[in-house]
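Below: the structure, in structure tokens.
Read the figures in this text as sums done on the coordinates, not as results from a lab. As the structure is a prediction and not an experimental result, all values here were calculated from the model. So basically every Cβ, Gly included, is an ideal-geometry build from the backbone, and we count neighbours across all protein chains shown.
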Amino acid sequence: MVNFRFQTKFMLATLLITLLPVVPLYFLIDKFYQTSIEVGLNPQVEGALEGAAGMSQLLFAHYKEALLEIVEAQAQKTDAAHADSKIGQSTLSLPTDLSLFEALDLRALDRQGNVFAAGHTGIEWRAPALSRSEIASLIDGSSARIVPHANSPAVLMAVAPIPAQNGILIAFARTNPAFVRSSHQIVEVNQMFKTIGLLRDDLRQGFVFAFFIVYVPIAALSLLVGYFFAKKVTAPMQILADGTQKIASGDWQHRVEYAAQDELGQLVTAFNRMVEEVKTRQDRVVQLEKMTVWREMARVLAHEIKNPLTPIQLTVQQLNDKYDDKNSAYGLLLKECTDIINDELQNLQQLVREFSEFARMPKLQKTTGSLNELIAETARRYRDLDITTKLDSEVPEMLLDFEKMRRVLINFFDNSRYSIHEKGSGAIVITTQKTGEMVLLRFSDTGTGISEQALAKIFEPHFSTKKSGMGLGLAIVRNIVQEHGGSIRCNSELGRGATFDIELPMNAVAEQIVG
Amino acid sequence: MLLAWQSVASHAWAVQDAEVRIKRVTPRVSQARLAVTIEIENLFSEKIIGTIRSGLPSVVFVDIELAEKGGRRIARQRIVQSISYDIWQERYTIERDTLRRTLANFDSMQQASSTLHDIEMSALAQLKGQLSYVLTVQAGISPISGRQSQKFSSWLQDSDEIRSDVGSQERASGFQLNLSKLVSFLIGGDKRRGNTSPERRIEFRISELK
């Protein structure tokens with residue numbers, strides 16, 4: 001649900017950002033288009049273009065007239081010359097000064113289409129050839145005329161009759177290339193202009209369509225990218241939300257997994273750390289509550305047991321004192337009984353002492369000192385054991401209740417000694433190591449070890465695997481470690497020994513030293 | 001609906017100029033076939049004349065349908081004539097299928113293109129003397145031929161290529177060129193543009209025809 005809402009919002013935002021510029025952009029483009037069309041397609045430009053096209057046509061008409069004059073004059077000359085029999089198959093004399101044409105080509109043909117006179121002036125140029133049928137279609141004309149030749153102003157063709165020869169004079173003129181080029185351009189631009197005018201709406205539509213054709217994929221791409229990012233952002237949030245729900249339902253072992261090192265990754269890491277701390281604190285609270293109950297019970301028990309001990313002890317003493325030694329058998333029995341009672345009384349007194357001590361657990365009396373030295377010093381007391389110490393010289397001086405910590409170590413040594421004796425042989429290894437802001441104290445032995453079932457309860461009060469003792473040792477140990485802000489855990493395999501890891505914080509120590 | 005042309009009647013000039021109209025539709029029997037002669041009015045507006053005289057070819061469309069009255073369609077034909085003007089030789093050309101006519105002046109061109117003689121519609125054997133038939137005719141003129149549209153598209157592209165040759169900053173992306181191609185593609189189709197007449201329907205019996 002969270003995922004859906006956030007993703008939807010993200011997508012809507014992307015859609016809005018993508019589509020918002022469309023309307024003003026559309027109007028802007030339309031305005032630009034209209035303006036440019038109005039600027040380009042105004043009547044003055046249109047008039048000027050039509051005028052230019054008209055001028056080209058006018059100039060071309062002038063060329064036609066000029067060619068017509070030439071062909072008429074040449075036809076008359078040829079006709080006269082032929083009538084006077086001055087020429088046979090000969091060359092026509094043409095004016096050399098050509099101001100209008102680049103080249104001029106004249107051919108005088110008889111009725112059968114045979115050339116009987118020809119002339120050329122101007123630049124080298126091969127005039128178009130005519131087929132016999134084309135010539136035949138020209139032969140019957142009675143006056144000089146321009147003959148449509150090609151859809152181009154480049155070449156002009158004119159024809160005039162030569163009555164004396166019953167033939168015709170055909171003239172081809174090549175116009176100035178600059179005129180041809182300009183004329184073509186003028187006509188083309190004029191046509192283009194008219195086409196734009198006619199296609200005005202289509203062109204506008206084309207631009208609008210093109211705009212949308214370009215814009216739609218961009219918008220789709222933006223949405224796709226938006227969706228991708230929304231998914232990328234919401235995925236870890238969803239994992240986080242799921243994790244929160246699992247933890248809320250009691251699964252304190254659950255941890256959110258998110259590998260990236262971005263802000264969300266940091267959030268996930270912080271969340272996991274928070275869960276860890278809450279769990280630790282919760283465990284500690286539970287532990288403290290249990291411990292409080294145990295202590296109260298120990299206090300009451302110690303009190304209730306201690307009270308009748310003295311009257312019992314006095315009564316037994318009195319029994320012994322009042323005995324008159326008359327019956328030796330009875331006397332022996334009495335001694336045995338009172339010895340048993342006294343032994344049990346001593347046991348009870350020991351029990352009361354331990355209970356009282358457990359119930360009291362005075363506040364820590366911290367002093368600055370070396371943990372390594374404490375370990376070495378305590379180890380020296382147990383010369384009967386095979387002890388190896390690997391103590392990290394980097395471990396600084398620490399603020400600890402050294403008496404309490406000594407008790408912790410003694411407890412470990414005593415337990416290990418018992419375990420090694422039970423097994424028959426074994427060794428102890430003690431190491432210290434500075435790890436970041438913590439100091440790790442590892443106490444290992446290769447004694448009998450602890451079973452998996454027992455491992456879960458070893459820190460509980462009144463639990464022991466030994467034949468003697470009240471089973472309060474490790475409960476007190478854990479209490480002391482926790483009072484120091486540290487933690488303790490045990491790993492063990494039955495028959496192979498046990499390892500206790502104690503982690504003690506250094507930061508609090510450093511702060512207090514500085515203070 | 002017959003003759004559903006995509007008319008672009010929104011052009012301003014089409015409103016200003018007189019509407020193209022089918023003046024007369026004359027069916028007749030010729031050589032055992034039904035033929036029809038069609039006369040069109042106001043085909044050449046001022047705008048169209050100007051366009052033709054600039055050298056741009058225009059296209060005249062005539063759609064004819066023969067059907068039984070209230071019944072089935074018998075035949076349908078579309079006549080397409082292209083009219084062009086050679087501004088250098090000053091002559092008009094009308095092209096229809098393989099036919100080509102060259103005319104020296106506007107009036108004769110107008111006359112030739114506005115009257116379609118004896119368009120064959122059906123063999124007489126297919127028609128029944130006692131039945132009434134309906135001829136529906138619609139005509140129009142488009143000042144832009146498909147060829148001209150394509151030419152315009154290539155102008156658009158050419159102009160852009162010229163701009164690219166100049167070395168504008170837009171050249172680097174190549175986006176402008178593609179956009180022009182896209183625009184030219186969108187407007188380059190053989191769409192019908194121009195002035196179209198309303199439909200003209202005439203009813204006749206074969207027995208009444210001369």
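Can you compute the label reach from B:L131? Point 7 Å from Cα along the Cβ direction, backbone N cut-off under 14 Å, restricted to the range B:29-45.
Correct set: B:34.
So if R0 is 41 Å, what FRET efficiency would B:D118 and A:N166 give, r being the distance between their Cβ atoms, rounded to the nearest 0.05? Intermediate values should be presented prior to the final figure.
Numbers: r = 42 Å, r/R0 = 1.02.
Using R0 = 41 Å, I get an efficiency of 0.45.
Of A:S416, A:N347, B:V60, which is farthest towards the positive pole of the protein assembly as shown's charge dipole, taken about the Cα centre with +1 and -1 on the beta-carbons of Lys, Arg and Asp, Glu respectively?
B:V60
Excluding residues on the same chain fewer than 8 positions from A:K64, give the lysines whose Cα lies under 21 Å from its Cα.
The qualifying lysines are A:K77.
So, counting K/R as plus one and D/E as minus one, what does the shell of residues with Cβ under 10 Å around B:I74 add up to? Write out the running numbers ahead of the final one.
Working: positive: B:R72, B:R73, B:R76; negative: B:E65, B:E68.
Here the charged neighbours net out to +1.
Fewest to most neighbouring Cβ within 10 Å: what's the order for A:L68, B:L131? Before the final figure, lay out the partial values.
On the way: A:L68 19, B:L131 12.
Fewest to most other Cβ atoms nearby, the residues stand as B:L131, A:L68.
With each label point set 7 Å from Cα along the Cα-Cβ vector, what nm distance links A:E452 and B:R21?
So the two model labels end up 10.8 nm from each other.
Quick one: what Rg and Dmax do you get for the range A:49-195 from the alpha carbons, in Å?
Final numbers for Rg and Dmax: 16.6, 58 Å.
Taking K and R as +1 and D and E as -1, what net charge do the other residues with C-beta under 15 Å from the C-beta of A:S152 add up to? Walk me through the numbers before you get to the answer.
Details: positive: A:K64, A:R174, A:R181, B:R91; negative: A:E102, A:E188, B:D86, B:E90.
Neighbourhood net charge equals 0.
A:R145 to B:I49: FRET efficiency via 1/(1 + (r/R0)^6), r the Cβ-Cβ distance, R0 25 Å, to the nearest 0.05?
Working from the Cβ atoms, E equals 0.40.
Please work out the Cα center distance from the range A:425-463 to the range A:279-318, rounded to the nearest Å.
If you average the Cα positions of each part, the centres end up 26 Å apart.
Could you tell me which trypsin sites (Lys or Arg not before Pro) in the range B:18-115 are loop residues by DSSP with no more than 14 other beta carbons within 10 angstrom of their beta carbon? Walk me through the numbers on the way to the answer.
Numbers: sites: B:R21, B:K23, B:R24, B:R28, B:R33, B:K47, B:R53, B:K69, B:R72, B:R73, B:R76, B:R78, B:R91, B:R96, B:R100, B:R101; in loops: B:K69, B:R72.
Taking the range B:18-115 and a limit of 14 other Cβ atoms within 10 Å, the loop trypsin sites (Lys or Arg not before Pro) found are B:K69, B:R72.
If you average the alpha carbon positions of the range A:134-170 and of the range A:355-418, how far apart do those two centres end up, in angstrom?
Each part's Cα centre sits 133 Å from the other's.
Principal axis lengths of chain A from Cα atoms, whole Å, largest first?
Principal extents (Cα only, largest first): 203, 47, 46 Å.
Excluding residues on the same chain fewer than 8 positions from B:K69, give the lysines whose Cα lies under 30 Å from its Cα.
Cross-link targets: B:K23, B:K128, B:K210.
Which is the longest stretch in chain A that no exposed loop site breaks, taking sites as trypsin sites (Lys or Arg not before Pro) with a DSSP loop state and at most 11 other Cβ atoms within 10 Å?
On the way: sites that count: A:K86, A:R126, A:K326, A:K363, A:R383, A:K467.
By the stated rule (loop sites, at most 11 other Cβ atoms within 10 Å), A:127-325.
When only Cα pairs under 8 Å and 6 or more residues apart are kept, what is the percent relative contact order across the range B:25-113? Please list the in-between numbers first.
Details: 125 pairs, mean separation 15.8, N = 89.
Normalised by residue count, the contact order of the range B:25-113 is 18 percent.
Starting from 0.36 nm per residue, how many nanometres of slack lie between A:T8 and A:A61 once their C-alpha separation is accounted for? List each step's numbers first, then the result.
Details: separation 53, 0.36 × 53 = 19.08 nm, distance 7.41 nm.
Gain in length upon complete extension: 11.7 nm.
If you take every DSSP beta bridge fully contained in the protein assembly as shown, what fraction is antiparallel? Give it as a percent rounded to 5.
On the way: 105 of 111 bridges.
Within the protein assembly as shown, antiparallel bridges account for around 95 percent of the total.
Provide the FRET efficiency to the nearest 0.05 for the B:A32-B:R76 pair, computing r from the beta carbons and using R0 = 25 Å. Don't skip to the answer; put the middle values down first.
Details: r = 21 Å, r/R0 = 0.82.
Plugging the Cβ-Cβ distance into 1/(1 + (r/R0)^6) gives 0.75.
In debye to the nearest 20, how big a dipole does the protein assembly as shown give about its Cα centre with +1 on each Lys and Arg Cβ and -1 on each Asp and Glu Cβ? Mind dumping the intermediate values first?
Values: 81 positive and 83 negative charges, 392 e Å.
The calculation lands at about 1880 debye.
For the range A:325-455, what is the percent of antiparallel DSSP beta bridges, rounded to the nearest 5? All intermediate terms of the calculation are to be shown ahead of the outcome.
Working: 11 of 15 bridges.
The antiparallel proportion sits near 75 percent.
Using the Cα centre of chain A as origin and beta-carbon charges of +1 (Lys, Arg) and -1 (Asp, Glu), tell me which of A:P396, A:I430, A:V216 is placed farthest towards the positive end of the dipole.
After comparing all options, I get A:I430.
Quick test of the membrane-span-like rule: which DSSP H helices of chain A reach at least 18 Å along their long axis (C-alpha atoms) with mean Kyte hydropathy at least -0.5? Walk me through the intermediate numbers first.
Values: long enough: A:2-19 (25 Å, 1.03); A:22-40 (26 Å, 0.75); A:43-83 (58 Å, 0.00); A:177-198 (31 Å, 0.22); A:200-248 (69 Å, 0.78); A:263-322 (86 Å, -0.43); A:328-360 (47 Å, -0.23); A:402-423 (31 Å, -0.80).
TM-like helix candidates: A:2-19, A:22-40, A:43-83, A:177-198, A:200-248, A:263-322, A:328-360.
Can you give the net charge of the other residues whose Cβ lies under 10 Å from the Cβ of A:D105, counting K and R as +1 and D and E as -1?
Numbers: positive: A:R107, A:R126, A:R174; negative: none.
Residues close to A:D105 contribute a combined charge of +3.
Any idea what Rg and Dmax come out to for the range A:363-514 if you just take the C-alpha atoms, in Å?
15.0, 48
Which percentage, to the nearest 5, of the DSSP beta bridges contained in the range A:41-198 is antiparallel? Let's see the in-between values first.
Numbers: 25 of 27 bridges.
Here the antiparallel bridges make up roughly 95 percent for the range A:41-198.
Label points 7 Å out from Cα along the Cβ direction at A:V293 and A:V214: separation in nm?
7.8
Which whole-number percentage describes the relative contact order of chain A, with Cα contacts under 8 Å and a sequence gap of 6 or more? Walk me through the numbers on the way to the answer.
On the way: 608 pairs, mean separation 49.4, N = 515.
Relative contact order of chain A: 10 percent.
Stokes-Einstein at 20 °C, 1.002 mPa s, Kirkwood radius from Cα pairs: D for the range A:19-62 in µm² s⁻¹?
Working: Rh = 13.0 Å.
For the chosen part, D equals 165 µm²/s.
Using 7 Å Cα-to-Cβ label points, what is the A:K31/A:D392 separation (nm, one decimal)?
My value for the distance between the label points is 7.2 nm.
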